[in-house]
Amino acid sequence: MAAGGSYTVVEYFGGEAGYRCGYCKNDVGNFSHGMWAHSMTVQDYQDLIDRGWRRSGKYVYKPTMNKTCCPQYTIKCHALNFQPSKTQKKILKKMTKFLSGGVMPEGPCDGEPMDSHCGEAVPPAGPSMNRTDAKIPVIVGTSGKEEEEAPKRAEPETAPQEPPSVAPGLTLSATPKPGMGADPNRPPCRKAKDLRKERRLQKQHGGGAASTSPVLKSAPLPPPQGKSLEDFFSDSLTESAHRLEVRLVRSSPPSLQFKDTFDASYQVYKLYQMAVHKDPPDKPSETQFRRFLCDSPLEAEKTPDGPDSGYGSFHQQYWLHGRIVAVGVVDILPSCVSSVYLYYHPDYASLSLGSYSALREIAFTRQLQKRTPQLSYYYLGFYIHSCPKMRYKGQYKPSDLLCPETYTWVPIERCLPLLEASVYARLNQDPDTGEENALKNMDQALVLHQRSVMPYRIYKRKCRGSTDEQEVVQYARLVGQACAERMLLYRA
């Protein structure tokens, strides 16, 4: 998958110290292992996120699942089998109504979960490679604290509300809407006691001749012919007062379109941080924006059978009347579209753009899959069951969670009872299942030392007496055998 001459180069920083957790506010409960990625191939990053790693800018980290206070489970949605729920359809219809009629929905925004990782686990020392861009970022998060990751979605999924029950003799104050009357194609309504009487008579005659009182049966209803996800987006294009355009621009290395729209995009981000996360005006600086959402270690790659856009890091810009109203930050990888973040103009908060953009990105994944069959998943970042506001990601179904011990995928329905019983759980309950890509041969791990690439066994001979063996072995176990043999671990 890697382009000719491309390598992943990382510095590993361990992860023994605890940091503040942005979910439960524990001052020292957040634990994770971290690496600074100077460069990274998309295949290596795909393999890393399938082992529980995640990037924020150029910093790549892996929560210490059995130690951290709020375990973060990697979640992926099967995009090809996704069907929008009632709540998600409501959001899509709300956008269609806005685009066709031009009237902004009334009422408050659907709400925004605390979807950020506020306890920074960046190592105290910066990268030691002599590179002009090799600086450890202070990743400013959405709550005004330093953080490792600020994942993407903005609105939690909420279950549709049941109509209020009414006591006998009382009426609702709202006037019912006029209906179309009874459906002549369906059997007439019958009283429950009449139906019970007929069932009783039918039982009495069950073993003999047919009952003299025929039982009326309802004709079977045809299977529901619901709209596909793409149908909702097509509807929003017909006779619209507003036209919403989604443009994909490469953010790293920055394309010309990205450069031309950088300031407009940054201004939306600044307004978003100030309105939604209450940042002071000087907090969401241009430097912080670049470091957090524009810088990426992923190498741009293009293959004959890959997406037309190529692989790597992109911004999906949502344009309305010649202005950017929202931006979704995504990575296009060999097997998935990985969501990074979403920010939007506060004036459009009532449109539930967080949920809407997730649905657009699922449709985008399905579009890419037509050309690239193996690219069929949509990764939503981390699912955190111990934080109720972060459970909304489980509403994008069907979806799987990554088992933190076997690195196998388990349907979320089988995981929920385990996570209800304990914040940390081995999700794969088969005791015979082990880690397929476990470290087996440490000597084959690659090291970058004194500008030379060498296997670890050579590095050990050259650096006898070195005290870093335990750290290097820990790194190799966390990335797995395949990545350890491809990625270059920088050693000063």
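The values are calculated or read from the model by the stated rules, or taken from the named source; none is laboratory data. What you see is a predicted model; the values in this text were computed from it and never measured. Reconstructed Cβ throughout: ideal geometry from the backbone, glycine too, with neighbour counts over all protein chains shown.
Among residues of region 269-313 being among the charged types (D, E, K, R) and in a helix (DSSP H, G or I), the one that is farthest from Ser255 (Cα to Cα) is Lys270. Only residues that are touching a helix residue (DSSP H, G or I) at 6+ places or on another chain (Cβ under 6 Å), closer than 20 Å to Gln46 by Cβ and surrounded by fewer than 21 Cβ atoms within 10 Å (Cβ to Cβ) were counted in region 363-372, giving 1.
For beta carbons closer than 8 Å, sequence separation of 6+ or different chains, a first residue in region 80-93 that is farther than 16 Å from Phe364 by Cα and a second that is polar (S, T, N, Q), the qualifying pairs are Ser85/Gln395; Thr87/Thr158; Thr87/Gln395; Gln88/Ser355; Gln88/Gln395; Ile91/Ser352; Ile91/Ser355.
For Gln444, indicate whether it is under 21 Å from Phe13 (Cβ atoms), loosely packed, with under 15 Cβ neighbours inside 10 Å and polar (S, T, N, Q). Considered against the rule, which asks whether it is under 21 Å from Phe13 (Cβ atoms), loosely packed, with under 15 Cβ neighbours inside 10 Å and polar (S, T, N, Q), Gln444 comes out as no. For region 364-376, the set of residues classified as within 9 Å of Leu80 (Cα to Cα), in a helix (DSSP H, G or I) and not basic (Lys, Arg) consists of Thr365, Gln369, listed by residue number. Checking Val337, Val329 one by one, the residue that is in contact with a helix residue (DSSP H, G or I) (Cβ under 6 Å, 6 or more places away or on another chain), of a type outside the set (Asp, Glu) and within 22 Å of Ala275 (Cα to Cα) is Val329 and no other.
For (1) crowded, with 19+ Cβ neighbours inside 10 Å; (2) under 19 Å from Phe232 (Cα atoms), each residue gets a yes or a no:
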residue	(1), (2)
Tyr311	yes, no
Ser338	yes, no
Tyr344	yes, no
Ala349	yes, no
Gly354	yes, yes
Glu361	yes, yes
Gln374	no, no
Leu380	yes, no
Arg391	no, no
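Only one entry in Val28, Val42, Val10 is among the β-branched types (Val, Ile, Thr) and surrounded by fewer than 23 Cβ atoms within 10 Å (Cβ to Cβ), namely Val28.
When restricted to residues that are over 23 Å from Lys90 (Cβ atoms), in contact with an Asp or Glu (Cβ under 8 Å, 6 or more places away or on another chain) and of a type in the set (Ser, Thr, Tyr), region 359-407 contains 3. The single condition from (1) β-branched (Val, Ile, Thr); (2) modelled with pLDDT under 50; (3) surrounded by 19 or more Cβ atoms within 10 Å (Cβ to Cβ) that Ile75 fails is (2). Go through region 240-264 and give me each residue that's over 16 Å from Gly57 (Cβ atoms), in contact with a strand residue (DSSP E or B) (Cβ under 9 Å, 6 or more places away or on another chain) and hydroxyl-bearing (Ser, Thr, Tyr). The answer is Ser255, Thr261.
Taking the conditions exactly as written (touching a Phe, Trp or Tyr at 6+ places or on another chain (Cβ under 9 Å), modelled with pLDDT of 95 or more and buried (at least 22 other Cβ atoms within 10 Å of the Cβ)), does Arg51 satisfy them or not? Give the derivation first.
Values: touching a Phe, Trp or Tyr at 6+ places or on another chain (Cβ under 9 Å): yes; modelled with pLDDT of 95 or more: yes; buried (at least 22 other Cβ atoms within 10 Å of the Cβ): no.
Against the criterion (touching a Phe, Trp or Tyr at 6+ places or on another chain (Cβ under 9 Å), modelled with pLDDT of 95 or more and buried (at least 22 other Cβ atoms within 10 Å of the Cβ)), Arg51 does not qualify.
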